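Read-outs: derived from the displayed coordinates by stated rules, not from any lab. Remember, it's a predicted structure, so these values are computed and weren't measured experimentally. Here the Cβ positions follow ideal geometry from the backbone for every residue, glycine too, while neighbour counts run over all protein chains shown.
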Amino acid sequence: MMKFIRNTLTAAALALALTACGEPTQQVCATYIEGIYGNDPAKVMSTFNTNDAAPEKVREVHGKLKLILDEGQKEIAKRGGMDSYEIVDEKRAGNEALVTVKVKFKDGSVDEHQVPLVKVKGKWYVTNM
């Protein structure tokens with residue numbers, strides 16, 4: 001699962017210098033996690049800062065993200081799908097934050113992810129790792 005998450009973020013980083021989570025950080029993280037595990041690239045993309053990106057690059061990243069999420073669904077399905085998630089910690093330093101999310105699967109297994117965030121012009125975004 002970590003490879004899946006890492007590949008998702010790498011694809012986004014390769015195509016754009018993306019930045020985007022939110023309280024507001026937790027809301028953005030929730031959207032991000034729901035998008036990843038719900039196979040919804042548009043939802044994931046909404047957590048990235050694409051304001052200064054060329055439209056064709058945004059479309060390219062969206063397409064790559066869709067392929068990665070489709071592939072990741074196989075691993076998620078092996079674990080019975082996502083049961084729930086919980087934000088267990090958040091650390092902030094200025095315009096940066098690191099949110100720790102615990103994801104529980106229907107087979108009883110658990111993954112923990114750290115989602116890095118940055119605040120740009122008053123809005124929180126998931127950042128590439």
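Along the axis of the charge dipole computed for the range 21-129 (Cβ charges of +1 for Lys and Arg, -1 for Asp and Glu, origin at the Cα centre), the listed residues 116, 54, 100 are led at the positive end by 54.
Note on residue 119: aspartates and glutamates with a C-alpha under 18 Å away, same-chain residues under 8 apart excluded, are 23, 52, 89, 90, 96.
Ignoring aspartates and glutamates fewer than eight residues from residue 66 along the same chain, the ones with Cα atoms less than 18 angstrom from its Cα are 34, 40, 56, 75.
Shape of the range 27-129 from its Cα gyration tensor (a ≥ b ≥ c, root eigenvalues): rounded if a/c is under 1.5, otherwise prolate when a/b > b/c, or oblate? Cα axes put the range 27-129 in the oblate bin.
For the set 43/78; 43/123; 57/102, the pairs lying more than 26 angstrom apart at their alpha carbons are 57/102. Note: relative contact order over the range 24-103, using C-alpha pairs below 8 Å and six or more positions apart, is 26 percent. Taking a sphere under 15 Å around the Cβ of residue 50 and counting the other residues whose Cβ falls inside, with K and R at +1 and D and E at -1, yields a net charge of +3.
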